[in-house]
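Derivation of every value follows stated rules applied to the coordinates shown; laboratory data play no part. Remember, predicted model here, so these are calculated numbers, not experimental data. Positions of Cβ are generated from backbone atoms using ideal geometry, with glycine treated the same way; all protein chains shown enter the neighbour counts.
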């Protein structure tokens with residue numbers, strides 16, 4: 001894992017403080033996923049999609065959150081992050097996008113950029 005150079009306010013923090021605050025080299029990156037379905041998914045189709053998606057993310061040591069809604073499901077969204085300490089990578093993001101785009105029940109896939117899972121895009125910390 002490449003180490004982020006310490007700048008600004010991070011310079012005053014020691015390693016233990018950076019770890020506790022999850023900043024600098026301890027930053028954890030996540031990305032969001034927005035999905036649309038056409039036709040809307042019933043319970044069994046949604047369960048099949050979710051089972052496959054969970055299998056993909058577990059194989060890459062990722063975890064998902066969200067991805068719910070009222071059935072029949074027309075759209076859903078959620079977050080993807082690394083299982084345990086660490087960050088999701090651009091390769092993880094690409095693998096998720098490719099897998100979802102191959103699914104016939106998914107009509108539209110939008111993935112967000114990798115962002116700080118604890119502080120979002122807020123850089124003033």
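Points worth noting:
- If the chain linking residue 110 and residue 63 were pulled fully straight, counting 0.36 nm for each residue of separation and taking away their Cα-Cα distance, it would gain 15.1 nm.
- Subtracting the Cα-Cα distance of residue 45 and residue 20 from their residue separation scaled by 0.36 nm leaves 4.9 nm.
- Descending semi-axes in Å of the chain, equivalent ellipsoid built from Cα gyration tensor: 33, 13, 12
- Dividing the summed helix terms, -39500 (n - 2.57) for each DSSP H run of n ≥ 4, by the number of residues in the chain produces a 222 nm estimate of -9500 deg cm²/dmol to the nearest 500.
- Note on residue 12 and residue 98: the model spin-label points, each 7 Å out from Cα along the C-beta direction, lie 4.5 nm apart.
- Taking a quarter of the surface of the Cα convex hull of the stretch 58-116 gives a mean projected area of 4.5 nm².
- Angle in degrees between helix 43-59 and the longest Cα principal axis of the chain, rounded to the nearest 10: 30
- In the stretch 83-125, one over the average inverse separation of all distinct C-alpha pairs is 12.4 Å, which is the Kirkwood hydrodynamic radius.
- Helix 90-102 and the longest principal axis of the Cα set of the chain meet at an angle near 10°.
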